[in-house]
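Peer 1: Once you've had a glance at the structure underneath, I'll fire off some questions.
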Amino acid sequence: MVSPTKLQSVPLPFNKQIQILQHKIQLIDNDRQLLERQITKKLDGLKDTSLTEVTALLPNLVKITKNQLNLKNYYNMRGHGNQIQCMKWASDSRHLLSADCDHKMLYWDATIGLKIGILKLNSTEYTISCDISPSSRLIAVGCLDNRCSIFRLPDYESIFNRSINYDNHIKSNEPRQNNIELSTLFTSPSLLTVLAVQDKDGSIQTCEFLDDSSILTTSSKNIHLWDINKSIAVRTYEQNLSEILAVTTNIRDRGIRNGNLFIAGGVNGSIKIYDHRSPSSIAKLSIPLEYNPFNNRNIFNDVTSLKFLPKDNYYAVGTSLKSIYFYDIRVGSVELDKFLINSPANSEFSKINKFNMDISPVSENYGTSYGYNASPSSASIASTTDDDGIMDISFSKSGRLMFTAVDGIGGLVWDTLTGCIINKIDGRECDIRHISVSPDGLAVATDSLKKATVNIWSSSPDYQ
Amino acid sequence: MDRENKPNLQVNTSATPASSPNPLLQYKLLTIKYQRKNQKNEELKNTLKKELIPVSNSCLGLVDYCQNTTDYMISSWGSLPEEKNPFLQGYNKMRNSNGNNNDVCCTIM
């Protein structure tokens, strides 16, 4: 009996092997077509309704109007001289860290509206992102030079306790001996380590602490998972086809949640879901084609912001054409719903648009910054190239309210379940770029581009 | 039309691999193509195997969560008393201190 291995030990000439391969590839192509057909059939079966349709059928749903939104402007905290690049709440929901492009970071006590510390960074690089660790002991700063620096945050509590005696200052009329020395407010934080990527792939756009010993940094092409104690990148997730524009994580939402996922959204609508325990993405999807009125084409929109909802597995995607999609990880690539600013229900708010103006030389509106006499049909070149779309999304504690920072319109509060815009958070101003709800859901922090302030909003008992 | 005038585009298959690189290159390219296509098919099979829930179930879950979680930014949940709202406490403390406190905020020049 001839053993089968002996027959195959003679190597075939290349032309024969090429023919065999070509035949195999043909079979694979047939299989693939079959699989794709089965998948589309399955996905069509999943898409049986949308979020707004479901809520329209519910009779008991309380509608939220402007009067029911309990948000009062508590503080407009001044101190930054420049545009605020990044703003993060600490896990205790009382302190806030904000970074501006002047290599200066401010550590605020948001409950009293004052700054507790000023951190001057030694580097001269442009700061893009910052983050504060769950224990509030470490801060991370991501710069334009591909380096993420980790600093130890000064222990302001002990500095304060040494200098101030809270009970005494009200009762006695002593002269101010217990003043904090101004020099202790200005601190250069002690540098713990610098995490540098070897390839020059851009700036560190976001940093997210997973815990005190690991951090996730994103640049435009890669996501790195670092071990802070060893200062090495434990894992790198590469994004070869589309640049990353936004990242969100539910790994530790300031100590409240413990998930394992993070999502990266990029150019051309690509969304990839990763689990930090696995070396490659666990799911990929892309947002549907959208009609771009400026080009008269159906295009894939860029994903400009992403955020997980307080309920696990749900996330919202904001795009550069100002639409918001909702997804559920368990549903996969079928979106739950799509919200538009230009829908008929939101017409009151879509008219306030800084960019919908005609800037042809003969027009009288040339050079005005607030084009309230807007006509959506007169689209300008500026509105396609300068428009960042939805820049930031944040959710209230129950997820019912969605706060978005929209380029050219400002801060909007949406009702997540019906897709209606409830109110504009900042009145007539159009310059909110970051918006963030505190981890315990009691306050919202926004920034103001023109005035460079950090604004705190919270609920008030005597709200009518 | 004229079959003799057609250029001969076929690869010289009678040559041995060592002397002519074309079949080798073609073989390498085809193996890479085969591997990539195989991988893609595996991914498609995995997506087909995944247990996915329909949109209606997911929406109902979200509605349920939104309606049953207390959220003090919506006035139908009531208002937060002062003891529980640190922002209100801080605001009242600042308002009532009348300048006799050391919580002076410095202005950065």
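Peer 1: In whole Hz, with x marking every Gly and Pro, tabulate ³J(HN,Hα) for the stretch A:403-420 from phi via Karplus 6.51 cos²θ - 1.76 cosθ + 1.60, θ = phi - 60°.
Peer 2: 9, 10, 9, 10, 5, x, 10, x, x, 10, 10, 10, 8, 4, 7, 10, x, 9
Peer 1: Could I ask something else about it? Ordered by residue, what ³J(HN,Hα) values in Hz, to whole numbers, does the stretch A:127-143 give under the Karplus form 6.51 cos²θ - 1.76 cosθ + 1.60, where θ = phi - 60° and Gly and Pro are x?
Peer 2: Listing the rounded values in order: 7, 10, 9, 8, 7, 10, 6, x, 8, 6, 9, 10, 10, 10, 10, x, 10 Hz.
Peer 1: Between the stretch A:393-464 and the stretch A:271-302, what's the alpha-carbon centroid distance in Å?
Peer 2: If we compute the Cα centre of each part, the gap is 26 Å.
Peer 1: Something else about it: What is the percent carbon and sulfur in the accessible area of the stretch A:1-115, measuring with a 1.4 Å probe over the protein chains and ignoring ligands?
Peer 2: 54 percent
Peer 1: How much net charge surrounds B:L48 when only the other residues with a Cβ under 15 Å from the Cβ of B:L48 are counted, with Lys and Arg +1 and Asp and Glu -1?
Peer 2: +3
Peer 1: Counting only protein heavy atoms and rolling a 1.4 Å probe, how much accessible area do A and B lose on contact, total for both sides, in Å² to 100? Numbers along the way, then the final one.
Peer 2: Working: alone 24980 and 11220 Å², together 29400 Å².
Looking at A and B, the buried total is near 6800 Å².
Peer 1: If you don't mind, another one. Taking the full set of protein chains and a 1.4 angstrom probe, give the accessible area of A:I204 in square angstrom, rounded to the nearest 10.
Peer 2: 0 Å²
Peer 1: Is the stretch A:399-452 best put as rounded, prolate or oblate by its Cα gyration tensor, with a ≥ b ≥ c the root eigenvalues, rounded for a/c under 1.5, and otherwise prolate when a/b is larger than b/c, oblate when not?
Peer 2: Numbers: a/c = 2.52, a/b = 1.29, b/c = 1.96.
Oblate, since a/c reaches 1.5 and b/c is not below a/b.
Peer 1: Using the Cα centre of the stretch A:101-146 as the reference point, and only Cβ charges (+1 on K/R, -1 on D/E), how large is the resulting charge dipole? Debye, rounded to the nearest 20.
Peer 2: With Lys and Arg at +1 and Asp and Glu at -1, about 180 debye.
Peer 1: Collect residues whose amide H, placed 1.01 Å from N in the peptide plane, falls under 5 Å from the amide H of A:C130; neighbours closer than 5 in sequence don't count.
Peer 2: Hits under the 5 Å cutoff: A:G142, A:C207.
Peer 1: Take A:D44, A:D227, A:D312 and sort them by solvent-accessible surface of the protein heavy atoms, 1.4 Å probe, largest at the top. Before the final figure, lay out the partial values.
Peer 2: Details: A:D44 115, A:D227 30, A:D312 70 Å².
Most to least solvent-accessible, the answer reads A:D44, A:D312, A:D227.
Peer 1: Per residue in the stretch A:21-42, which ones lose no less than 40 Å² of accessible surface when going from chain alone to all protein chains (1.4 Å probe)?
Peer 2: Output list: A:L21, A:I25, A:I28, A:R32, A:L35, A:I39, A:K42.
Peer 1: Given a 1.4 angstrom probe, what's the average accessible area per residue across the stretch A:58-97, in square angstrom?
Peer 2: 47 Å²
Peer 1: Which listed residue (A:L51, A:N73, A:Q83) has the Cα farthest towards the positive end of the charge dipole for the stretch A:27-94, taking +1 on Lys and Arg C-beta and -1 on Asp and Glu C-beta about the Cα centre?
Peer 2: A:N73
Peer 1: For the pair A:K66/A:Q19, report the inter-label distance in nm, with labels modelled 7 Å from Cα in the Cβ direction.
Peer 2: It is 7.9 nm.
Peer 1: Place a label point 7 angstrom from the Cα of A:C101 along the Cα-to-Cβ direction, then list the residues of the stretch A:113-144 whose backbone nitrogen is under 15 Å away.
Peer 2: A:124-129, A:143-144
Peer 1: Can you run phi through the Karplus equation (6.51, -1.76, 1.60; θ = phi - 60°) for the stretch A:430-443 and list ³J(HN,Hα) in whole Hz, with x for Gly and Pro?
Peer 2: 10, 10, 8, 10, 10, 9, 8, 8, 5, x, 8, x, 8, 9
The values are calculated or read from the model by the stated rules, or taken from the named source; none is laboratory data. Being a predicted model, the structure only gives us computed values, none of them experimental. Using ideal geometry, Cβ is built from the backbone for each residue, glycine included, and neighbour counts are taken over all protein chains shown. Note: areas computed on protein heavy atoms with side chains; ligands, DNA, RNA excluded. Shrake-Rupley method; radii C 1.70, N 1.55, O 1.52, S 1.80 Å.
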